[in-house]
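Below: the structure, in structure tokens.
The values are calculated or read from the model by the stated rules, or taken from the named source; none is laboratory data. Because the structure is predicted, anything quoted here is derived from the model rather than measured. Cβ atoms come from the backbone with ideal geometry, glycine included; neighbour counts cover every protein chain shown.
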Amino acid sequence: MQDRSKVVVVGAGFGGLAVARELGDDPGVEVTLIDGNNYHTFWPLLYQVATAGLDASDVCFPVRRIFRRQPGVRVVLGWVTGLDLDRREVTVDNDRTFAYDHLVLAAGTVNSSFGVPGVEEHTFPLKSADDALDLRTHLLAGFERAAAGRSPQGDLAVVIVGGGPTGVELAGSIRELVDKVLCREFPEIDLTHLPITLVELADRVLAPFHPKLSAAAAHALRLRGVTVELGVGVERVEPGTVVLGDGRRLAASTIVWAAGVTASPLARRAGVELGRGGRIVTSADLSLPGRPEVFAVGDIALPPGPPLPQVAQPAIQGGRHVAAQIRARLAGAPTRPFRYRDRGSMATIGRNSAVAEFPNGWRFHGVIGWVMWLVLHLVELIGFRNRASVLVNWVWNYLTYDRGARIILRHQVPPATTQLAWPGSRPASAPDGP
Ligand SMILES: Cc1cc2nc3c(=O)[nH]c(=O)nc-3n(C[C@H](O)[C@H](O)[C@H](O)COP(=O)(O)OP(=O)(O)OC[C@H]3O[C@@H](n4cnc5c(N)ncnc54)[C@H](O)[C@@H]3O)c2cc1C
């Protein structure tokens, strides 16, 4: 029997999964899919884990389960720590080596502090399921400490830096958690005017959306009681304080950094040309210039032309495209350039409020946008169990204003005396390997 061609895919995110799913049934190909986590994360709903609306297992899906019926895909748990493009080898956890005929780099991004002092030490990132659970525990534990009189109530203020979809969705969701759930459950403390502030450097939130939708989102946030600070950057972050570019100081016990990302450090390890945001410069077919057997997809890739948005669709479409190009190469056919089809964008502000826009110019906000957002996210989630669980949680939450995942993981609760310093216990960047 002819040897099967070895395809190694690094990253089981949206892009890597798409490649492996497409090639998994191909009898001429053996796929090795490597990820440092044993699960795929559905990032768009991660903020709901951080705010106790969903559990981590609702938005994370075991990678081995996804490929249970595709024996052509071998799943490897581990961080890629070395890439030797000349020898065509990938090293995992410094001790296991995998040879390849084709390599696909789909390692995504990590949080970026953009060099702002104090971000790494004193803010929460939201770039992994661990981050979401840490943030949830910190938020809930803060209310318990205030109720026990162990910290002044004023310490509970929240500042979120970054007015993109993650910042907007998180601000709306924390507001709802406080106003609709915790207010009723913490009679000891007055949470009615708990300050929640969203800080954005640009002059509007949701900058990639049409200005009318940005304005609608900011208006909806303000109506809910979120202070939206536009056109001002963050100078530095100190323990418990965000210092703005105009000199103002915002006190907060919870500071979330959702201001942006940079390509996974794996891109640097590849030793190839990098472009904006540390992304790997690719040719039009998503292969690396001079290395037709190596491809990059998703957030880590920078194809020619205007930079693609770092969202799920370019990664999914890019992954499918790369699978087709690998097949073409194995058949001795020429490869084709990648063409991204914009299918629209959505972001939610909270109950009955979301914005949605489509390439044909259709724009929606309010309840219609929200229903669209709900349906699309349910459809895109992986796995029937996860969809059913999310749907049940959403219906329950909508009808009762309850959030079932209000669990404080005790081992993560910091001592009250270190409350303001504690956020720095986790770095703002996701791990790149040991
Ligand atoms: C909080 C949040 C909310 C978002 N909301 C939306 C949204 O609403 N809509 C939308 O379209 N997009 C959203 N995005 C963006 C979207 O998730 C990304 O654009 C998309 O995931 C990119 O896909 P990817 O395959 O390039 O990378 P990812 O999906 O990030 O996957 C990368 C994978 O590589 C793995 N990995 C990284 N380094 C290594 C290594 N060294 N070794 C082994 N494995 C490695 C990671 O563990 C991860 O599983 C959001 C992102 C975040 C963080």
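Values computed for the structure shown
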quantity: Residue check for Val371: surrounded by fewer than 16 Cβ atoms within 10 Å (Cβ to Cβ), modelled with pLDDT of 90 or more and not small (Gly, Ala, Ser); calculated: yes
quantity: Pairs with Cβ under 8 Å, 6+ apart, first in the stretch 237-253 and on the phi < 0 side of the Ramachandran plot, second surrounded by fewer than 16 Cβ atoms within 10 Å (Cβ to Cβ) and part of a strand (DSSP E or B); calculated: Thr241/Arg249; Thr241/Ala251; Val242/Arg249; Val243/Arg236; Val243/Arg249
quantity: Cross-chain or 6+ apart pairs with Cβ under 9 Å, the stretch 92-110 first and farther than 13 Å from Ile34 by Cα, then part of a strand (DSSP E or B) and aromatic (Phe, Trp, Tyr); calculated: His102/Phe295
quantity: Condition check for Gly245: at pLDDT 95 or above, touching a Leu at 6+ places or on another chain (Cβ under 7 Å) and surrounded by fewer than 21 Cβ atoms within 10 Å (Cβ to Cβ); calculated: no
quantity: Considering residues of the stretch 333-361 that are more than 12 Å from the ligand (Cβ to nearest atom) and closer than 30 Å to Asn393 by Cα only, the residue surrounded by the most Cβ atoms within 10 Å (Cβ to Cβ); calculated: Ile349
quantity: Matching option when the condition is under 28 Å from Ser173 (Cβ atoms), within 14 Å of the ligand (Cβ to nearest atom) and not hydroxyl-bearing (Ser, Thr, Tyr), among Phe114, Phe98, Phe124; calculated: Phe124
quantity: Among the residues listed as Gly318, Gly271, Gly332, the single one being more than 17 Å from Val10 (Cα to Cα) and not hydrophobic (A, V, I, L, M, F, W, C); calculated: Gly332
quantity: Residue list for the stretch 253-283, filter: among the hydroxyl-bearing types (Ser, Thr, Tyr), surrounded by 24 or more Cβ atoms within 10 Å (Cβ to Cβ) and under 23 Å from Gly36 (Cα atoms); calculated: Ser264
quantity: Hits in the stretch 53-75 - residues which are surrounded by 22 or more Cβ atoms within 10 Å (Cβ to Cβ), more than 12 Å from the ligand (Cβ to nearest atom), among the hydrophobic types (A, V, I, L, M, F, W, C) and farther than 13 Å from Leu33 by Cα; calculated: Leu54
quantity: Candidate set from the stretch 264-317 (those that are of a type in the set (Gly, Ala, Ser) and within 8 Å of the ligand (Cβ to nearest atom)); member that is farthest from Asp342 (Cα to Cα); calculated: Ser264
quantity: Whichever residue in the stretch 1-52 is more than 9 Å from the ligand (Cβ to nearest atom) and of a type in the set (D, E, K, R) and, among such residues, is nearest to the chain's Cα centre (by Cα); calculated: Arg21
quantity: Leading residue by the ranking (farthest from the chain's Cα centre (by Cα)) among those in the stretch 78-91 that are within 9 Å of the ligand (Cβ to nearest atom) and surrounded by fewer than 22 Cβ atoms within 10 Å (Cβ to Cβ); calculated: Thr81
quantity: Boolean, Ser345 is closer than 18 Å to Leu381 by Cα and outside the structural domain of Ala106 (by TED's automatic domain parsing); calculated: yes
quantity: Any hit, the stretch 141-164, residues being within 13 Å of the ligand (Cβ to nearest atom), of a type outside the set (S, T, N, Q) and at positive phi; calculated: yes
